[in-house]
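Read through the structure below, which is laid out as structure tokens, and then see the notes.
The values are calculated or read from the model by the stated rules, or taken from the named source; none is laboratory data. Please read these numbers as outputs of a predicted model, since none were measured by experiment. FYI the Cβ positions are ideal-geometry reconstructions off the backbone, even for glycines, and counts take in every protein chain you see. Remember, those area values only see protein heavy atoms, side chains included, never the ligands or the DNA or RNA. Shrake-Rupley method; radii C 1.70, N 1.55, O 1.52, S 1.80 Å.
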Amino acid sequence: MRYFMYSATISRTFMIDPTPEQEKNYSFLLALQKQALGWLKPGVAMGAVYSKIVAYVQEHRPDLQDNLVKDFGGVTGIEMNDGKHTISAGSTAILQANMVIMLRIGFENMTNPKASDKQSKTYAYQLIDTVVVRDEAGGRLITTGEKEPNDVSFFFNDEEPTSSKPKSETKREPRRDGNNADRKPATRKSAILPSKFRSEEKDEESTTRKRREHQKELLSRLLADGRRRFAGEEGDDGEETRVVKKFESYKRETALPSAARSCKILVDDRAESIILPIYGMAVPFHISTLKNIVKTEEGEYVYLRINLASPGQGLGKKDNLPQDDPGSTFVRSLTFRSTDAVRMSEIYHSINGLKRDQVKRETEKAQLADIVQQDRLVPSVGQRPVRLPDVFMRPVADGKRFPAALEIHNNGLRYMSAGRTGGTTIDILFNNIRHLFFQPCDNELLVLIHVHLKNPIMLGKKKTQDIQFYREASDASFDETGNRRRRIRYGDEDEIEAEQEERRRRRQLNKEFKEFASKIAEASNHEVEVDTPFREVAFNGVPSRANVLLQPTVDCL
């Protein structure tokens, strides 16, 4: 890891189903690192530390001497490894106080005679920590990752085969020896059980078995995901791999415009292509391959730099393009210059306009990708539909607010709004409503019914998934300081009367909207249930950009 130009290194070895011999070797590795930390003192030569480590191995585990690594790390800092200051044989570099050392202890080319496959026969240990040299106290670890045997050992194989082996041996014992005088009695010597409850040991065994089975399941799932990811079936985030798009400007050479023979830059709006002269030939590029275009003026020349999209340029996963053939060569940019500034300016604006139109079309196409075709609304026949008159809708369908009626029909809602172009009709089916909210106008300016859809619908040219029908709770404002008569006759009694009238009107609005929402639930055979926010447990938060009041409901926030 590098942080503020300084390097730190940590390394751990993880053991999967280790044998007792491997666990013993790893424990010795930890003891060796602990001893080496005590030898890292100011004034000591690095070669002397190396000799002490080798001598300790010769004294305690001479069988591992040939497996020791060639050097035991060195100084680290702005450079990750310093070639001169290393803990190796014959090194004359002297340790100093506050010097940072990358201490590397390891064994390599170890053999496991009990290995079940070829890959497990040879193995190695490596333990690296970053250490600070202290005065007379030895080195102090900076990196504090877990390294105890219990923390780096993982067991996936069942122990049932090993546990069944002693049973078979005990069964064969009477056959080998005729008299059973040497056999110990199976009865307990004490009446006190080793555990408090007889079922305790069984519970522990069952939880251990369950945990191992769960670990097996997790491992198999991880392996399957890894194989699928590296086989190219999925991306790193579980999404499908992006397909290489291939664009075709013209099917044959004769389809090129006749003006292309003049070896000039042409913008063909019909084919959505730019025709560029390269070595005397007209080469078409589809507008989708264009990344951007830059115009610069230097002296009497005007330069046009055309940057093309190619794999490996994008900084993020979205920007990066897939490539069909890794061995392909891509043209990333082309530069043209001319003294005709007017002509180059026309080309620049034409290419930018063509690119802008193409991006707009792609955006609209992406928006319409998840639009699901709704069923047709079945109008109520023979009876007048239940209506909620004089309500406004948002978002606005036609750019201007007009009040209209919201009607309940056999399988959905219909809102017929007036507008500049004669008005629009919006149908919302019950089977497309995921949530229906009624928000009263207590402490609010609006009383509203909010519909959250399962699949978005188109309102005008915009994709919409949330629609509100509301009515304003306050009267139109009037000037209380206007004429002299109102100023004289308007007193406290009138204000009290106006407040009472407003409270009565708010109660009436709440009752009207709540009854209408309940009728929606009844008409849908309770497929849609009305949800009301709990304002008494509301809190402020920033879900998107602004600080707003968040009110929980039964199912939503």
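Quick look at the numbers
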item: Index of the failed condition, Ile128 passing every other in (1) open to solvent by less than 90 Å² (accessible area, probe 1.4 Å); (2) not in a strand (DSSP E or B); result: (2)
item: Tally, over segment 505-535, of residues that are surrounded by fewer than 15 Cβ atoms within 10 Å (Cβ to Cβ) and touching a Phe, Trp or Tyr at 6+ places or on another chain (Cβ under 7 Å); result: 2
item: Residue among Glu346, Glu407 that is of a type in the set (Asp, Glu), modelled with pLDDT of 90 or more and either part of a strand (DSSP E or B) or within 34 Å of the chain's Cα centre (by Cα) (or both); result: Glu407
item: Close pairs from segment 8-34: first within 12 Å of Lys147 (Cβ to Cβ), partner open to solvent by 40 Å² or more (accessible area, probe 1.4 Å) and among the charged types (D, E, K, R), Cβ under 9 Å, at least 6 apart; result: Ser11/Arg104; Arg12/Glu146; Arg12/Asp151; Met15/Glu23; Leu30/Glu148
item: Top-ranked residue of segment 536-556 - restricted to ones that are over 17 Å from Asp442 (Cβ atoms) and charged (D, E, K, R), ranked as least open to solvent (accessible area, probe 1.4 Å); result: Asp555
item: Within segment 283-310, considering residues that are of a type outside the set (S, T, N, Q) and outside any strand (DSSP E or B), the one least open to solvent (accessible area, probe 1.4 Å); result: Ile287
item: The lone exception for Thr481 - which of (1) exposed (fewer than 11 other Cβ atoms within 10 Å of the Cβ); (2) at pLDDT below 90; (3) out of contact with any Lys or Arg (no Cβ under 8 Å at 6 or more places or on another chain) it fails; result: (3)
item: Within segment 88-101, tally of residues that are closer than 15 Å to Arg140 by Cβ, open to solvent by 40 Å² or more (accessible area, probe 1.4 Å) and assigned to a loop (DSSP other than H, G, I, E, B); result: 3
item: Flag if Lys463 is touching a Pro at 6+ places or on another chain (Cβ under 8 Å), surrounded by 10 or more Cβ atoms within 10 Å (Cβ to Cβ), basic (Lys, Arg) and at pLDDT 90 or above; result: no
item: Members of segment 26-76 found to be in contact with a His (Cβ under 7 Å, 6 or more places away or on another chain) and open to solvent by less than 10 Å² (accessible area, probe 1.4 Å), listed by number; result: Met46, Gly74
item: Residue in segment 259-267 that is crowded, with 17+ Cβ neighbours inside 10 Å, within 39 Å of the chain's Cα centre (by Cα) and modelled with pLDDT of 85 or more present; result: no
item: Boolean, Lys454 is among the basic types (Lys, Arg), within 30 Å of Asn307 (Cα to Cα) and open to solvent by 20 Å² or more (accessible area, probe 1.4 Å); result: no
item: Counted residues, segment 35-77 - those being more than 23 Å from Lys147 (Cα to Cα) and not in a helix (DSSP H, G or I); result: 6
item: Selected residue (criterion: least open to solvent (accessible area, probe 1.4 Å)) from residues of segment 369-395 that are in a loop (DSSP other than H, G, I, E, B) and small (Gly, Ala, Ser); result: Ser380
item: Pick from segment 325-350, criterion more than 18 Å from Ile278 (Cα to Cα) and of a type in the set (A, V, I, L, M), ranking: most open to solvent (accessible area, probe 1.4 Å); result: Val342
item: Residue satisfying condition, being surrounded by fewer than 14 Cβ atoms within 10 Å (Cβ to Cβ), modelled with pLDDT of 75 or more and not in a helix (DSSP H, G or I), within set Asp442, Asp475; result: Asp442
item: Qualifying residue in segment 242-254 (condition: surrounded by 14 or more Cβ atoms within 10 Å (Cβ to Cβ), closer than 24 Å to Leu334 by Cα and modelled with pLDDT of 80 or more); result: yes
item: Residue check for Asp398: surrounded by 16 or more Cβ atoms within 10 Å (Cβ to Cβ) and part of a loop (DSSP other than H, G, I, E, B); result: yes
item: Residue match in segment 430-440 (condition: aliphatic (A, V, I, L, M) and more than 39 Å from the chain's Cα centre (by Cα)); result: no
item: Where a residue in segment 278-302 is without any contact (Cβ under 8 Å) to a residue 24 or more places away in the chain and its partner, wherever it lies, is open to solvent by 80 Å² or more (accessible area, probe 1.4 Å), with Cβ under 6 Å and at least six apart; result: Val294/Arg305
item: Residue satisfying all of: in segment 114-125; exposed (fewer than 15 other Cβ atoms within 10 Å of the Cβ) and at pLDDT 85 or above; nearest to the chain's Cα centre (by Cα) among these; result: Ala124
item: Residue match in segment 80-87 (condition: assigned to a loop (DSSP other than H, G, I, E, B), loosely packed, with under 12 Cβ neighbours inside 10 Å, modelled with pLDDT under 90 and of a type in the set (A, V, I, L, M, F, W, C)); result: no
